[in-house]
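Asks: Dropping the structure in here first, questions after.
The values are calculated or read from the model by the stated rules, or taken from the named source; none is laboratory data. It should be emphasised that the depicted structure is a prediction, and the values quoted were computed from it without experimental measurement. Here the Cβ positions follow ideal geometry from the backbone for every residue, glycine too, while neighbour counts run over all protein chains shown. Only protein heavy atoms, including side chains, enter the accessible area calculation; ligands, DNA and RNA are left aside. Shrake-Rupley method; radii C 1.70, N 1.55, O 1.52, S 1.80 Å.
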Amino acid sequence: MNLILLGPPGSGKGTQAKLIVEKYGIPQISTGDMLREAVAKGTELGKEAKKYMDAGQLVPDEVVIGIVKERLQQPDCEKGFILDGFPRTIAQAEALDKILEEMGKKIDAVINIQVPEEEVVKRIVNRRTCKNCGAVYHLIYNPPKEDNKCDKCGGELYQRDDDKEETVRKRYKVYKEQTEPLVEYYAKKGILYNIDGTKSIEEVFAEIDSILQKLA
Ligand code: AMP
C-alpha cells in the first residue's frame, strides 16, 4: 500500500502516519523529519535546508526529491510506504510519478486532511515533540503525563524552531499557494480522499482506516 498524506502543517499528518505504521507495518517517510535530522547532525544538506525551514519556506525541490528517491529504494519500502510532507509542489508530484514509474510502482491513495488556519495555529504553537523518539504532544489536547517528558520513552520534549506563530502563519500561506494545487492534481487521478481533520485523533484515524481497509 503506497500512500500520501496531504494537508497543511499541523493537520495531524505525522500523528496519523504513526498510527498507520503501527497498524499496517509500512514505513513513514517524513521529509520534515529527515531534514531536521540533517540539521541536527550539521551536514551540508542540513545547513542548506535550515535557512529555508527557519523562514517557513520550502526547501528547493531538487533537494527533497533526491532524498525521497533514495529513501524509496530502501528494502523496507517494498511492501509499501506512507509519504508524510511530500510532495509539497506540483514539480515534486511530477518527479514522484516518474520515480515510481521507473520502479514499477504507483500511489494507491492520497489522504487529504483538512484543517482551517486558525485551528492549525492553535495546534502548532502548543505542539511539543520528543527529542528522542519523535512522539508528538499537544499541551492542551494531548499533554504528556509529566511536564516536558515523553510518556513513551522518557525523552525531553521541545518546541520546533519553526513552530512559532509568525512562522506557522507563513507556512500555512506557503501551503495554500504551493501545496494545495496538489488536491486537484490527485483528484483528477481519482485517488484523492478528503478527511475532516478537526475531529479527534481517534475519529480521524477511524476514517483513514476504513479507506485503507478497502484498499488492502
Ligand atoms: P514538516 O515537518 O513537514 O512541517 O516540514 C518542516 C519544514 O521542512 C517545512 O516547512 C519545509 O521548510 C521543509 N520541508 C519538509 N518537507 C518538504 C518538502 N516536501 N518540500 C520542501 N520543503 C520541505
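Asks: Under a 1.4 Å probe, what is the accessible area of region 2-159 per residue, stated in Å²?
Replies: Each residue of region 2-159 exposes 49 Å² on average to a 1.4 Å probe.
Asks: Now a separate question. At 7 Å along the Cα-to-beta-carbon direction for both residue 199 and residue 146, put a label point, then send me their distance in nm to one decimal.
Replies: Between residue 199 and residue 146, the simple spin-label model gives 3.5 nm.
Asks: What figure in square angstrom, to the nearest 10, would you give for the accessible area of residue 160 with a 1.4 Å probe?
Replies: Accessible area, nearest 10 Å²: 30 Å².
Asks: Same structure again: What would the Debye equation give as log₁₀ I(q)/I(0) for region 11-65 at q = 0.25 Å⁻¹, counting only Cα atoms as equal point scatterers?
Replies: -0.95
Asks: Quick one: with all protein chains in place, what share of the accessible area of region 25-102 is carbon or sulfur, to the nearest percent (1.4 Å probe)?
Replies: After summing per-atom areas, the C and S share lands at 51 percent.
Asks: Taking the Cα centre of the chain as the origin, how large is its charge dipole in debye, to the nearest 20, when only Lys and Arg (+1) and Asp and Glu (-1) carry charge on their Cβ atoms?
Replies: 200
Asks: Using +1 on the beta carbon of Lys and Arg, -1 on that of Asp and Glu, and nothing else charged, what's the dipole of region 1-74 about the Cα centre, debye to 20?
Replies: In debye, rounded to 20, region 1-74 gives about 200.
Asks: Which one of 194, 168, 153 has its Cα pushed farthest toward the positive end of the charge dipole of region 146-216, where Lys and Arg give +1 and Asp and Glu give -1 at the Cβ?
Replies: Farthest along the dipole direction, towards plus: 194.
Asks: Okay, next question. Give me, ordered by chain and number, the residues 5 or more places off residue 109 or on other chains with an amide H under 5 Å from its own placed amide H.
Replies: 2, 4
Asks: Multiply the residue separation of residue 153 and residue 139 by 0.36 nm, subtract the distance between their alpha-carbon atoms, and state the gained length in nm to one decimal.
Replies: This chain segment gains 3.3 nm when fully extended.
Asks: On to the next question. Gain in length, residue 206 to residue 70, computed as 0.36 nm per residue apart minus the alpha-carbon separation, to one decimal in nm?
Replies: Computed gain between residue 206 and residue 70 is 45.8 nm.
Asks: Sticking with this structure for a sec: Ignoring ligands, DNA and RNA, what percent of the 1.4 Å accessible area of region 106-163 is carbon and sulfur?
Replies: 46
Asks: Let me check against my output: what whole-number percent is the relative contact order of region 91-186, with C-alpha pairs under 8 Å and at least 6 apart?
Replies: 24
Asks: Rg/Rh for region 48-93 to two decimals, with Rh computed the Kirkwood way over all alpha-carbon pairs.
Replies: 1.02
Asks: Once phi is turned into ³J(HN,Hα) by the Karplus curve 6.51 cos²θ - 1.76 cosθ + 1.60 with θ = phi - 60°, what whole-Hz value does each residue of region 73-78 show in order, with x for glycine and proline?
Replies: Listing the rounded values in order: 8, 6, x, 5, 8, 4 Hz.
Asks: Which value in Å is the Kirkwood Rh of region 80-176 over different Cα pairs?
Replies: After inverting the mean inverse Cα-Cα distance, the result is 15.8 Å.
Asks: May I pose another question? Normalised by the empirical 2.2 N^0.38 Å for globular proteins, what value does the Cα Rg of the chain take?
Replies: 0.97
Asks: Continuing with this model, one more query. Among the listed pairs 176/199; 69/98; 50/170; 41/122, give every one whose C-alpha distance is greater than 18 Å.
Replies: 176/199; 41/122
Asks: Could I ask something else about it? Please work out the C-alpha center-to-center distance from region 170-190 to region 31-73 and express it in whole Å.
Replies: 20
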